[in-house]
Amino acid sequence: MYKKVRGMRDIYGEEVEYFKYISEIAENIFSLYGYNKIIVPIIEKTELFQRGVGEDTDVVEKEMYSFQDKSGRNITLRPEGTAGVVRSYIENGQHKADPVQKYYYIGPMFRYEKPQKGRYRQFFQIGVEVFGIKSPLIDVEIIYMLIQFLKELGLDNLKVNLNNMGCGKCRKKYIKKLKKYMFKHKSALCDTCQRRLESNPLRILDCKKCGKKQFIKNTPRIIDNLCDSCLEFNEKLMNYIEEFKIPYSIDHSLVRGLDYYTNTVFEIIAEDLDSSQNQIVGGGRYNDLVSTLGGVERPGLGFAFGFDRLVDLVMEKELEIKDKKPSVFIAWYLNDKNELLKFANKLRSDGIKIDFKYKQVNFSNQLRYADKNNFDYVIFYGEKEMKSEDIHIKNMKSGEEKNIKFKNLKKFIK
Ligand code: AMP
């Protein structure tokens with residue numbers, strides 16, 4: 001027997017129903033806000049992520065599935081969605097033709113992390129990317145849209161953590177200050193952070209090991225070191241946050257794991273999940289990424305939520321799939337199977353979800369099967385029913401059985 005590769009998982013049964021349901025709600029809400037779906041490849045050139053996500057991030061340093069293809073090209077299974085969407089925005093000329101673009105994507109990502117519940121090596125993200133909009137109104141609108149989406153799923157107990165990472169200019173100055181401060185505490189830093197002191201000191205702030213130490217809590221704050229235009233941006237943003245009544249907290253150590261962020265960064269925490277995997281959404285602005293990856297200067301921002309974690313959360317909270325189409329099982333006994341097919345197809349073309357056993361077996365066997373597989377209704381279909389206008393139907397949840405007119409079936413099972 002073959003077993004799946006470590007860190008991969010199969011998604012089937014009830015869980016897959018939740019995947020379908022959640023992506024349907026996400027797609028509906030995103031399209032209400034004017035987003036269009038984009039599908040980009042799962043494989044990109046390795047250098048896209050090295051340049052886009054950043055060499056000193058955990059993702060690029062340790063977690064990428066990179067290899068050479070048969071022609072010796074260095075390629076990588078995408079560890080995140082933004083770099084590929086930005087590449088597409090530039091490569092297809094959108095950054096020049098029509099700079100404002102609002103996209104969403106759904107798909108698998110790959111990271112070589114230590115597998116555990118809620119952390120997989122292939123996991124799914126739903127993400128949104130917006131290009132060409134400078135106003136902080138869009139930053140707040142995407143957070144608002146996210147909250148609306150999560151509420152639509154029936155989730156509450158959510159916390160939005162916010163921070164401002166400044167722009168390239170003020171961040172440079174801040175990093176100098178930060179380095180000076182961190183050097184004083186060098187010996188207290190973990191090995192990774194000692195190395196990052198030179199290459200990427202910001203990441204020390206969100207290091208899982210060092211982050212809890214007192215000297216980190218007293219670090220100079222980025223918000224106190226913003227330049228005038230970042231301050232003005234932040235002030236407008238906070239006004240919109242109040243205007244949209246978004247429940248938030250400022251987290252001065254929130255820098256996010258990927259290097260491309262500028263100004264707004266945010267995450268949403270589901271307080272009902274275990275703290276090792278309770279961050280369900282992460283996002284922010286990346287005003288320099290389009291130009292870093294070879295395009296003209298265009299602001300951008302986005303978020304991605306972990307689909308697998310969201311499904312876990314929704315299932316753990318036993319939130320029901322709303323407006324689920326009822327499923328109908330035909331328990332049949334006929335001499336001619338073609339009559340069964342005709343009947344089933346008539347119902348299916350009426351939009352009714354139908355299934356049946358392909359081999360004729362006795363009724364109790366068919367009923368057991370329908371019960372085990374959670375069908376909502378069973379229709380009994382035999383020689384007598386074939387000639388009649390009536391249908392005998394059983395509601396599997398309530399156990400109620402009755403005869404109804406065939407023409408009323410669709411209304412009845414709603
Ligand atoms: P990131 O791309 O790191 O900002 O992550 C965005 C979201 O993806 C996180 O909030 C998680 O919900 C989810 N996520 C990240 N890594 C994993 C993983 N290995 N397994 C499952 N979900 C993940």
For ALA83, the lone unmet condition from (1) surrounded by 16 or more Cβ atoms within 10 Å (Cβ to Cβ); (2) touching a residue at least 60 places away in the same chain (Cβ under 8 Å); (3) small (Gly, Ala, Ser); (4) away from the ligand (no atom under 16 Å from the Cβ) is (4)
ask   = within 16 Å of the ligand (Cβ to nearest atom) and over 26 Å from PHE30 (Cβ atoms) - does that describe any residue in region 335-345?
value = no
The condition of being without any contact (Cβ under 8 Å) to a residue 12 or more places away in the chain and either among the acidic types (Asp, Glu) or in a helix (DSSP H, G or I) (or both) holds, among GLU232, GLU267, only for GLU232
For region 340-352, pairs from a residue that is assigned by TED's automatic domain parsing to the domain that holds PHE380 to a residue that is of a type outside the set (Ser, Thr, Tyr) and modelled with pLDDT under 95, with Cβ under 6 Å and 6 or more apart or across chains, are LEU340/LEU334; ASP350/LYS410
Reported set for region 12-32 where residues are free of Cβ contacts under 8 Å to residues at least 24 places away in the same chain and either surrounded by 15 or more Cβ atoms within 10 Å (Cβ to Cβ) or not in a helix (DSSP H, G or I) (or both) is TYR12, GLY13
Filtering region 1-35 down to residues that are within 18 Å of the chain's Cα centre (by Cα) and among the β-branched types (Val, Ile, Thr) yields ILE11, VAL16, ILE22, ILE25, ILE29
Selection from region 4-44 of residues of a type in the set (Asp, Glu) and under 25 Å from LEU313 (Cα atoms) yields ASP10, GLU14, GLU15, GLU17, GLU24, GLU27
Selection over region 313-332 where residues are within 16 Å of the ligand (Cβ to nearest atom) and among the aliphatic types (A, V, I, L, M) yields a count of 3
Taking region 241-279 and the residues there that are within 12 Å of the ligand (Cβ to nearest atom) and of a type in the set (Val, Ile, Thr), the one that is modelled with the lowest pLDDT would be VAL255
Taking region 285-312 and the residues there that are within 10 Å of the ligand (Cβ to nearest atom) and over 14 Å from VAL85 (Cα atoms), the one that is surrounded by the fewest Cβ atoms within 10 Å (Cβ to Cβ) would be ASP312
* To do: State whether the residues of region 141-152 include one that is within 28 Å of the chain's Cα centre (by Cα) and among the basic types (Lys, Arg).
  => yes
If you go through THR57, THR76, the only one that is within 16 Å of the ligand (Cβ to nearest atom), touching a Gly at 6+ places or on another chain (Cβ under 7 Å) and touching a residue at least 12 places away in the same chain (Cβ under 8 Å) is THR57
When (1) touching a Leu at 6+ places or on another chain (Cβ under 9 Å); (2) under 25 Å from ILE22 (Cα atoms) are applied to ASN157, the one that fails is (1)
- Query: Got at least one residue in region 383-390 being modelled with pLDDT under 95 and hydroxyl-bearing (Ser, Thr, Tyr)?
  - Reply: yes
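The values are calculated or read from the model by the stated rules, or taken from the named source; none is laboratory data. This one's a predicted model, so the numbers in the text were calculated from it and none came from an experiment. When we count neighbours, we look across all protein chains shown, and the Cβ atoms used for this are built from the backbone with ideal geometry, even at glycine.
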